[in-house]
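> First, the structure itself, so that you have it in front of you.
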Amino acid sequence: MKEILATGLIGLSLAVSGYAHAEPVKIGVITTLSGGGAGLGIDMRDAFTLAIEQSGNEEIELVIEDDAQKPELAVQIAEKMIQSDKVDLMTGIIWSNLAMAVVPNAVAQDVIYLSPNAGPSVLAGANCHPNYFNVAYQNDNFHEAMGQYANQDYKNTFILAPNYPAGKDSLTGFKRFYKGELAGEVYTQVGQTDYAAEIAQIRASGADSVFFFLPGGMGIAFMKQYAQSGVDIPVMGPAFSFSQDILPAVGDAALGVKNSATWAKDLDNEANKAFVEAFQAEYNRLPSVYAAQSWDTANLILSALSKASVKDKEAFRAALKEADFDSVRGEFKFNTNNHPIQNVYIREVVKEDDVLTNKIVGTAFEDHTDAYAEQCSMQ
């Protein structure tokens, strides 16, 4: 594998084995490597590069660039990758507003894009495209699972999320399955760090629970301030609010919190055990859900490369659609809209050997599909 970074060229000498189509393949990776969301993008990049390295396919060249969580910068990088770098595939975007800025134009230029995270509803439904594959989820999915879970114990939940596509999909997903009342519904600013006003609203709302989706630094800030506020109302959220990358910063305030995901490090399958071991050995930290999704994205690409040439778009799309790889999530298959059909689990934040992490405590959905596939023309 060759990896091109903004800072230079790194050559890796690896043996090639098992690839029927050993040909140069250039993959553009646009992800967030600086700013408050950097931890998410770093986990994405690290898992992706490690999977490619371990494959032994030295014909793959990665062009990795930092979008700094800015849509306009992501668009510029994407155009450079398509027009100048001549990438064959693209991946890497974490944030849905960046995905909406980049993906429609990229796939229209006949570039195949594989999402390792962002899953905005419009790309799953009306604007689905044969060149767009989401290897993670559709944005609503984790939140739908928490709406289902909340019905067990709560009847008056306060919900909040950032005001961008994933935030809107988040609360839409939660409400799709939640049957109780809403004590409040608030959209915060993307990148917000002060949640005093929102916490005051929660305190005064009469809520018996709080569901929030605040990924990266936003979630860290909210949880720290919430713990300090003395408000004693249980919180819950999707994996993004309690992901491995942010738990150390949140601290013990996260203990016992329930959250939803399609993956956890204790999922009992050989692919997952190998992934967790390899990631921890390489980076001396536990992987997050972002890393797990990125690892699967890389291995999906590798599986398709073993069957078809990336230059033959129709054959390569068909090879991707087969999803013939060992997912860390266990069984994995694509729906008609190129989004996963998969289980969604309920996890609990626990402490193991003084390290905060998540363990699976239940299953919210089996073979769950997204709500937008029927709007997709690819039937």
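The values are calculated or read from the model by the stated rules, or taken from the named source; none is laboratory data. These numbers were taken from a predicted model, which means no experiment stands behind them. Backbone-built Cβ (ideal geometry, glycine too); neighbour counts: all protein chains shown. Keep in mind that these areas ignore ligands, DNA and RNA; they rest on the heavy atoms of the full protein, side chains included. Shrake-Rupley method; radii C 1.70, N 1.55, O 1.52, S 1.80 Å.
> To the nearest 0.05, how large is the calculated FRET efficiency for D268 and V355 if R₀ is 35 Å and r is the Cβ-Cβ distance?
Working: r = 20 Å, r/R0 = 0.56.
In this case the efficiency is close to 0.95.
> May I pose another question? Quick one: putting +1 on the C-beta of Lys and Arg, -1 on the C-beta of Asp and Glu, what dipole do you get for the chain around its Cα centre, in Debye to the nearest 20? List each step's numbers first, then the result.
On the way: 27 positive and 48 negative charges, 128 e Å.
Around 620 debye, computed over the chain.
> Would you mind checking K26/K311; K273/K359; K333/K359 for any pair whose Cα atoms are more than 18 angstrom apart?
Values: K26/K311 11 Å; K273/K359 14 Å; K333/K359 24 Å.
Result: K333/K359 exceed 18 Å.
> For region 114-178, build the charge dipole from Cβ charges (+1 Lys, Arg; -1 Asp, Glu) around the Cα centre, then report which of G119, Y164, V135 sits farthest towards its positive end.
Farthest towards the positive pole: Y164.
> At D110 and M378, where each label point lies 7 Å from the Cα along Cα→Cβ, what is the point-to-point distance in nanometres?
Placing both labels 7 Å beyond Cα along the Cβ direction yields 1.7 nm.
> Which whole DSSP H helices in the chain pass both tests: a Cα extent of 15 Å or more along the axis and a mean Kyte-Doolittle value no lower than -0.5?
Details: long enough: 38-55 (26 Å, 0.33); 71-83 (18 Å, 0.23); 96-108 (18 Å, 1.24); 165-177 (19 Å, -0.65); 217-229 (18 Å, 0.07); 270-283 (20 Å, -0.41); 289-305 (24 Å, 0.72).
Within the chain the helices that satisfy the rule are 38-55, 71-83, 96-108, 217-229, 270-283, 289-305.
> Over the chain, what portion of Cα pair distances is larger than 33 Å, expressed as a whole percent? List each step's numbers first, then the result.
Values: 18291 of 71631 pairs.
Counting pairs separated by more than 33 Å, the tail of P(r) holds 26 percent.
> Same structure, new question: Straight-line reach from K70: which lysines have a Cα under 20 Å away, not including same-chain ones fewer than 8 places off?
Straight-line reach from K70, under 20 Å: K80, K168.
> Give the accessible surface of the chain per residue, rounded to a whole number of Å², with probe radius 1.4 Å and ligands, DNA and RNA excluded. It would help to have the intermediate numbers written out before the result.
Details: 14090 Å² over 379 residues.
Here the residues of the chain average 37 Å² of exposed surface.
> According to the Cα gyration tensor, what semi-axes, each the square root of 5 times an eigenvalue, does the equivalent ellipsoid of region 42-132 have, listed from largest to smallest in whole Å? Let's see the in-between values first.
Values: eigenvalues 88, 42, 40 Å².
Over the Cα atoms of region 42-132, the ellipsoid semi-axes are 21, 15, 14 Å.
> Calculate for the chain the 222 nm mean residue ellipticity that helices alone would give, adding -39,500 (n - 2.57) per DSSP H run of length 4 or more and normalising by residue count, nearest 500 deg cm²/dmol. Don't jump to the answer; show the numbers that get you there.
Working: 12 runs with 139 residues, N = 379.
It lands at -11500 deg cm²/dmol.
> Grab every C-alpha pair in region 86-238, bin the distances at 5 angstrom width from 0 up to the longest one, and report whole percents.
Whole-percent P(r) values from 0 Å outward: 2, 9, 19, 19, 17, 13, 9, 6, 4, 2, 0, 0.
> Another question, then. Which Cα, out of N335, S294, N151, lies furthest along the positive dipole direction of the chain (beta carbon charges, K/R +1, D/E -1)?
N151
> Express in whole angstrom the spacing between the alpha-carbon centres of region 350-379 and region 218-295.
Cα centroid to Cα centroid, the span is 13 Å.
> Report D for region 141-182 in µm² per second (integer): Stokes-Einstein, Kirkwood Rh on Cα pairs, 37 °C, 0.692 mPa s. It would help to have the intermediate numbers written out before the result.
Working: Rh = 10.1 Å.
Translational D for this selection: 325 µm²/s.
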